[in-house]
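Shown next, in structure tokens, is the structure this report addresses.
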Amino acid sequence: MIYASDLDQTLIYSKRSLGVPLESAGLLPAEHIDGATAAFISAQALQLLKTLPENIMFMPVTTRTMAQYRRITVFQTELVPAYAVTSNGGNIIVGGEVDREWNRRIHAQVRREGADAEEARQVFGQVLHEDWVVNERFCDELFYAFVIERDRMPLEQVLEKARIMREMGWEVSIQRRKVYLVPAAVNKQAAVEHIRHLTDGGPVVASGDSLLDRCLLDYADYAIAPRHGELYREQLRDELEVNYSFTELSGAYAADEIMAYVYEIHRIVSATRASFSE
């Protein structure tokens, strides 16, 4: 079995996204920047990750760049996954090294299936303005990330432009203080599916909070999302039909529920296999 999970606002949480006071019990440092703690993880969730049954392969699947993923100290020292997906599916890290062949394949697919990055940025740039865009980055030569002033962003204009970008083979995702502009070919599902076939990993359990996680959750055999983030907000607005459940809790402790769900699915799958073998 594979447990493939988004990280930010799913398993790890910045100070802004914790949803509980910083001094709350049971929070451990997960990421450090210049010696300061930048993100946290529930101690219970981390313990459950560390003690996953041997036949469950935990796989981080994140929109973070490779460099940003490597800042998450908890996954570099305490719990080092055999596979990790970064750059929203554009890169796969195997045993600490980047899978160059996968990266080349994704770049070729981007060129075949949509507008090039410069054209996409030019069209989407028609809605961007310095009044609400703080800065931008072209991440791992694959997609754009814009840091924004969320309350100043013209939401309806951005959503309208997102529909146009979709026709050009690009997706727009709004996550708290960031807007992502990502080629449709660069997605988490494709990377996880590749690793699943490579490892004969069996059923996939997935978790994630944003629209960039939706393809992964839809692909998975079992999936759960925290009660916050884009997916939760969109289904509240009746603009998103989902075939998975949401946690009861929001914020950092939602990770505890997510891990309990993973264990429960493992129990059910194991029991089903045992009954078939009798």
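The values are calculated or read from the model by the stated rules, or taken from the named source; none is laboratory data. As the structure is a prediction and not an experimental result, all values here were calculated from the model. Here the Cβ positions follow ideal geometry from the backbone for every residue, glycine too, while neighbour counts run over all protein chains shown. What goes into the accessible areas is simple: the full protein's heavy atoms, side chains included, and nothing from ligands, DNA or RNA. Shrake-Rupley method; radii C 1.70, N 1.55, O 1.52, S 1.80 Å.
Assorted remarks:
- With the simple model of a label 7 Å out from the Cα in the direction of the Cβ, ARG237 to ASP34 spans 3.5 nm.
- Projected over all directions and averaged, the alpha-carbon convex hull of segment 52-171 occupies 9.4 nm².
- Residues in segment 1-88 average 40 Å² of solvent-accessible surface per residue, probe 1.4 Å, ligands and nucleic acids excluded.
- For segment 176-278, alpha-carbon Rg relative to the globular expectation (2.2 N^0.38 Å, N residues): 1.19
- Packing, taken as the mean count of other beta carbons within 10 Å per residue, orders the peptides 5-17, 32-44 from highest to lowest as 5-17, 32-44.
- Share of Cα-Cα pairs in segment 11-72 lying beyond 13 Å, as whole percent: 67
- Here is the list for segment 97-130: GluC sites (Glu not before Pro) lying in DSSP coil, each with at most 10 other C-beta atoms within 10 angstrom of its C-beta, are GLU130.
- Structural descriptor for segment 109-198: relative contact order 30 percent, calculated from alpha carbon pairs under 8 angstrom and at least 6 residues apart.
- Under Stokes-Einstein, with the Kirkwood radius over Cα pairs as Rh, the value for segment 53-111 at 37 °C and 0.692 mPa s is 273 µm²/s.
- Calculated over the chain: convex hull of Cα atoms, volume per residue (Å³): 140
- Heavy-atom accessible surface of segment 201-278: percent carbon and sulfur, 1.4 Å: 52
- A DSSP coil position with no more than 15 other Cβ atoms inside 10 Å describes the following trypsin sites (Lys or Arg not before Pro) in segment 210-262: ARG237.
- Result for the chain in a Gaussian network model with C-alpha springs under 10 Å: among VAL192, VAL242, VAL262, the largest mean-square fluctuation is at VAL242.
- Span-like helix ranges in the chain, DSSP H, alpha carbon extent 18 angstrom or more, Kyte mean at least 0.0: 254-277
- Surface calculation, 1.4 Å probe, protein heavy atoms: GLU160 sits at approximately 90 Å² accessible.
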